[in-house]
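What follows is a structure written as structure tokens; I'll ask about it next.
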């Protein structure tokens, strides 16, 4: 009788562990699990198709799950997978309860089993993964690869992890030792061929609720940058100090700090406070004073929506700007004012978006802008509104620009009017420009590459050029292309005087041909 029982037990074990029917029977015993197709056996390679599981408000669907493992490794307490593949994974997580506590950033206590058991996955591959948190899609993974992934006695080793996301490609190497509270890692993020960010971490837990270590981030591309600093992590706060930003576009390294307060419960918002100083561009425009800038940024919210303030200040004649900042996953907007190069900015707005495409919308209302700060030979005082609406296309940027001047002076001439321009990657078209003032009327329209029409009437040259007198009328058109100019000019003047030379009356008819020949009467 005992021999018969042993025989039945051996046969049952063999059927359970070494046959497809036994594997199917064992899977049917798992609560909430359904599998459409089973191939293989529990002690060898397995291939499951049409897997569905549901429980605790969570749901998992996997189109194809396959693995190969080494059962003999169980003898020394290790679960060893030679290969683990998942394809078509959809994970739906139950919505978090309102005001539910969020896990703090602290080193977890290791359970006893983690010090006894080990896990090794030689090759892990995940394709087409989607994660939903409630009704919203929170993660999309196109493809993920990992090699020699190991958990052994409280230590996680990730020699190589590659994740292909819709936004870009993430590559990681990590060594997380929970027993010794140490984290070492290297990572790169690539978005297209021209943008790449690499970083390195070497952090250690001083105690379970405090982690410290250096931080190094390198941004590669057209304008490379290197950011270094010290990170200090507490359960709900990330403090970055001694930040140092080095870039070829900066005269000297910029210095800064940042404090990130994390939410403690679901539904709460995170906050960011950051300050930077010593910002000085190496190739700044000649009209910009040689004075470093400082920046203060405060934000509150999440990546879906955030709001705060952005303030920029500079020494000398640079001035100071301040205003509100608001953004979301598609773009960011700034509204504010201040002083810049002696001018007052009022009710100004800058909006930049990157989804569904790159776009820039700007409205700058200025008063008292002195053009001599930009071009010394052109004194004046300008007030008005500048609007720009631009979008990025396959060949470059295109859009519209609008400048409206009111109560302005150029040299000593009062001036007001409006100019509208349409620009594309290959051309600028002046749709209309009309400026008037006492004794002045100027109109320009067209495209210099094809035909630029103009007309001007100046009744008082004294207001434009000191020492010059008289009245003039001039009209015509010009064009320029392939290094050549052509056009026609008609003009007349009366009672002209400049530098001791006087002309009672003057009439000019001139034509410029593509052969650079000028004919005049």
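The values are calculated or read from the model by the stated rules, or taken from the named source; none is laboratory data. All values reported here derive from a predicted model rather than from experimental measurement. Cβ placement follows ideal geometry from the backbone for every residue including glycine, while neighbour counts extend to all protein chains displayed.
Pull up region 484-501, narrow it to residues that are at positive phi and in a strand (DSSP E or B), then point me to the one that is surrounded by the fewest Cβ atoms within 10 Å (Cβ to Cβ). Full working, then the answer.
Let us first name the residues in region 484-501 that are at positive phi, namely 487, 495, 499-500.
Of the ones still in play, those that are also in a strand (DSSP E or B) are 487, 495.
Working: 487: 18, 495: 14.
So, considering only residues that are at positive phi and in a strand (DSSP E or B), the one surrounded by the fewest Cβ atoms within 10 Å (Cβ to Cβ) is 495.
Moving on to the next point. For the list (1) at pLDDT below 85; (2) outside any loop (DSSP other than H, G, I, E, B); (3) closer than 26 Å to residue 234 by Cα, I need the number of the one condition that residue 151 fails.
Failed condition: (1).
Still on this structure, please answer the following. Among the candidates 367, 418, 412, single out the residue that is farther than 23 Å from residue 338 by Cα and either under 29 Å from the mean Cα position of the chain (by Cα) or surrounded by 14 or more Cβ atoms within 10 Å (Cβ to Cβ) (or both). Let's see the steps before the verdict.
Details: 367 fails: farther than 23 Å from residue 338 by Cα; 412 fails: either under 29 Å from the mean Cα position of the chain (by Cα) or surrounded by 14 or more Cβ atoms within 10 Å (Cβ to Cβ) (or both).
Of the residues listed, the single one that is farther than 23 Å from residue 338 by Cα and either under 29 Å from the mean Cα position of the chain (by Cα) or surrounded by 14 or more Cβ atoms within 10 Å (Cβ to Cβ) (or both) is 418.
Related question: Scan 445, 408 and give me the residue that is under 21 Å from residue 366 (Cα atoms) and free of Cβ contacts under 8 Å to residues at least 40 places away in the same chain.
On the way: 445 fails: under 21 Å from residue 366 (Cα atoms).
Only one candidate qualifies: 408.
Within region 275-286, is there a residue that is within 30 Å of residue 236 (Cβ to Cβ) and surrounded by fewer than 16 Cβ atoms within 10 Å (Cβ to Cβ)?
yes
Considering each of 139, 145, 149 in turn, give the residue that is free of Cβ contacts under 8 Å to residues at least 12 places away in the same chain and in contact with a strand residue (DSSP E or B) (Cβ under 9 Å, 6 or more places away or on another chain).
Details: 145 fails: free of Cβ contacts under 8 Å to residues at least 12 places away in the same chain; 149 fails: free of Cβ contacts under 8 Å to residues at least 12 places away in the same chain.
None of the other options fit; the residue is 139.
Restricting to region 373-409, name every residue that is outside any strand (DSSP E or B) and either under 27 Å from the mean Cα position of the chain (by Cα) or exposed (fewer than 15 other Cβ atoms within 10 Å of the Cβ) (or both). Spell out how you get there, then give the answer.
Taking region 373-409 first, the residues outside any strand (DSSP E or B) are 373-379, 394-395.
374, 375, 376, 377, 378, 379, 394, 395, listed by residue number.
Ok, one more. Hey, among 456, 449, which residue is in a loop (DSSP other than H, G, I, E, B) and outside the structural domain of residue 367 (by TED's automatic domain parsing)? Explain how you work it out, then say what you get.
On the way: 456 fails: in a loop (DSSP other than H, G, I, E, B).
Among 456, 449, only 449 is in a loop (DSSP other than H, G, I, E, B) and outside the structural domain of residue 367 (by TED's automatic domain parsing).
Still on this model: Among 44, 32, which is the only one that is in contact with a strand residue (DSSP E or B) (Cβ under 8 Å, 6 or more places away or on another chain) and more than 26 Å from residue 157 (Cα to Cα)?
Values: 44 fails: more than 26 Å from residue 157 (Cα to Cα).
That would be 32, the only listed residue that is in contact with a strand residue (DSSP E or B) (Cβ under 8 Å, 6 or more places away or on another chain) and more than 26 Å from residue 157 (Cα to Cα).
Filtering region 463-483 down to residues that are crowded, with 16+ Cβ neighbours inside 10 Å and not in a strand (DSSP E or B), which residue is modelled with the lowest pLDDT?
Restricting to residues being crowded, with 16+ Cβ neighbours inside 10 Å and not in a strand (DSSP E or B), the top hit is 463.
Matching residues to (1) more than 25 Å from residue 120 (Cα to Cα); (2) at pLDDT 80 or above:
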| position | (1), (2) |
| --- | --- |
| 14 | yes, no |
| 25 | yes, yes |
| 32 | yes, yes |
| 39 | no, yes |
| 51 | no, yes |
| 61 | no, yes |
| 64 | no, yes |
| 67 | no, yes |
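Can you tell me which residues in region 25-39 are free of Cβ contacts under 8 Å to residues at least 24 places away in the same chain and either outside any helix (DSSP H, G or I) or farther than 21 Å from residue 89 by Cα (or both)? Spell out how you get there, then give the answer.
Within region 25-39, the subset free of Cβ contacts under 8 Å to residues at least 24 places away in the same chain is 25-30, 32-39.
Hits for region 25-39 are 25, 26, 29, 30, 32, 33, 34, 35, 36, 37, 38, 39.
Ok, one more. Which of the numbered conditions does residue 357 fail, given that it passes all the others? Conditions: (1) within 25 Å of residue 191 (Cβ to Cβ); (2) touching a residue at least 60 places away in the same chain (Cβ under 8 Å).
(2)
Is it true that some residue in region 94-108 is surrounded by fewer than 16 Cβ atoms within 10 Å (Cβ to Cβ), out of contact with any helix residue (DSSP H, G or I) (no Cβ under 9 Å at 6 or more places or on another chain), in a helix (DSSP H, G or I) and free of Cβ contacts under 8 Å to residues at least 24 places away in the same chain?
Checked region 94-108: no residue is surrounded by fewer than 16 Cβ atoms within 10 Å (Cβ to Cβ), out of contact with any helix residue (DSSP H, G or I) (no Cβ under 9 Å at 6 or more places or on another chain), in a helix (DSSP H, G or I) and free of Cβ contacts under 8 Å to residues at least 24 places away in the same chain.
Turning to a different aspect of this structure: Between 210, 243, which is at pLDDT 95 or above, farther than 30 Å from residue 371 by Cβ and out of contact with any helix residue (DSSP H, G or I) (no Cβ under 8 Å at 6 or more places or on another chain)? Give the steps one after another, and end with the answer.
Working: 210 fails: at pLDDT 95 or above.
The conditions single out 243.
Also, I was wondering about something else. Condition (residue is exposed (fewer than 15 other Cβ atoms within 10 Å of the Cβ) and more than 15 Å from residue 203 (Cβ to Cβ)) applied to region 225-234: is it met by at least one residue?
No, there is no match, as no residue in region 225-234 is exposed (fewer than 15 other Cβ atoms within 10 Å of the Cβ) and more than 15 Å from residue 203 (Cβ to Cβ).
Among the residues that make up region 70-84, is at least one of them loosely packed, with under 15 Cβ neighbours inside 10 Å, touching a residue at least 12 places away in the same chain (Cβ under 8 Å) and closer than 22 Å to residue 35 by Cα?
Yes, the conditions are met somewhere in region 70-84.
Could I ask something else about it? Can you tell me which residues in region 156-197 are in a loop (DSSP other than H, G, I, E, B) and either without any contact (Cβ under 8 Å) to a residue 60 or more places away in the chain or surrounded by 15 or more Cβ atoms within 10 Å (Cβ to Cβ) (or both)? Outline the logic, then answer.
Of the residues in region 156-197, the ones in a loop (DSSP other than H, G, I, E, B) are 166-167, 178-181, 191-195.
Those that are in a loop (DSSP other than H, G, I, E, B) and either without any contact (Cβ under 8 Å) to a residue 60 or more places away in the chain or surrounded by 15 or more Cβ atoms within 10 Å (Cβ to Cβ) (or both): 166, 167, 178, 180, 181, 191, 192, 193, 194, 195.
In this structure, does residue 348 turn out to be outside the structural domain of residue 467 (by TED's automatic domain parsing), farther than 28 Å from residue 457 by Cβ and in a strand (DSSP E or B)? Reasoning before the result, please.
On the way: outside the structural domain of residue 467 (by TED's automatic domain parsing): yes; farther than 28 Å from residue 457 by Cβ: yes; in a strand (DSSP E or B): yes.
Yes, satisfied.
Kindly indicate the residue of region 291-317 that is closer than 16 Å to residue 254 by Cα and assigned to a strand (DSSP E or B) and also modelled with the lowest pLDDT among those meeting that condition. Walk me through it before giving the result.
Taking region 291-317 first, the residues closer than 16 Å to residue 254 by Cα are 291-297, 312-315.
With assigned to a strand (DSSP E or B) added as a condition, the list becomes 293-297, 312-314.
On the way: 293: 87, 294: 92, 295: 93, 296: 96, 297: 95, 312: 89, 313: 88, 314: 80.
Residue satisfying both the conditions and the ranking: 314.
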